1. Just checking, does the range 93-114 include any residue being under 30 Å from residue 49 (Cα atoms), among the hydroxyl-bearing types (Ser, Thr, Tyr), in the same structural domain as residue 61 (by TED's automatic domain parsing) and exposed (fewer than 14 other Cβ atoms within 10 Å of the Cβ)?
2. Scan the range 74-92 for residues that are surrounded by 14 or more Cβ atoms within 10 Å (Cβ to Cβ) and assigned to a helix (DSSP H, G or I) and jot them down.
3. Select from the range 43-82 the residues that are of a type in the set (Lys, Arg) and over 15 Å from residue 112 (Cα atoms) and list them in ascending order.
4. Look at the range 74-116 and say how many of its residues are over 23 Å from residue 58 (Cβ atoms) and either basic (Lys, Arg) or at pLDDT below 90 (or both).
Amino acid sequence: MQPLYSTIRPFIIFSVLSLFVAPFTSRAQGDRFGLVYGEATGLGTRDIRATAVEIINAALELLGIIFLLMILLGGFRWMTAGGNDEAVDAAKKTLGQAIVGVIIIFIAFALTRFVFSVLEQAA
């Protein structure tokens with residue numbers, strides 16, 4: 001059997017939290033993204049969609065850098081293969097994987113652009 005305090009602890013926590021949120025509920029009518037709550041807590045009032053776009057763009061930039069490094073690595077392996085067929089095949093495999101990766105990056109970029117443009121028009 002659980003002690004009484006552990007049974008009512010969630011109720012106490014949510015009751016106390018509701019006291020802090022209650023003053024902002026009248027201002028939050030029509031606030032679809034919770035920006036009023038963010039402003040009240042000092043987190044900022046930036047649109048969540050803009051933040052998501054920046055995060056996705058940063059991830060795609062990182063993937064582009066990885067693509068560039070893989071191309072350089074594959075080219076370096078090919079240049080230093082010295083006529084060794086196995087090393088040339090490994091270099092070609094690295095270059096092929098890099099090209100497939102950049103195709104996936106472009107598709108992901110196009111999909112995110114499309115989704116966010118549709119969301120922007122819908123809102």
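1. Within the range 93-114, not a single residue is under 30 Å from residue 49 (Cα atoms), among the hydroxyl-bearing types (Ser, Thr, Tyr), in the same structural domain as residue 61 (by TED's automatic domain parsing) and exposed (fewer than 14 other Cβ atoms within 10 Å of the Cβ).
2. As a first pass, look at the range 74-92 and keep what is surrounded by 14 or more Cβ atoms within 10 Å (Cβ to Cβ): 74-75, 77-78, 81, 87-88, 90-92.
Of everything in the range 74-92, those that are surrounded by 14 or more Cβ atoms within 10 Å (Cβ to Cβ) and assigned to a helix (DSSP H, G or I) turn out to be 74, 75, 77, 78, 87, 88, 90, 91, 92.
3. Matches in the range 43-82: 46, 77.
4. 5
The values are calculated or read from the model by the stated rules, or taken from the named source; none is laboratory data. Model, not experiment: these values are computed from the prediction. With ideal geometry, Cβ positions are generated from the backbone for all residues, glycine too; neighbour counts draw on all protein chains shown.
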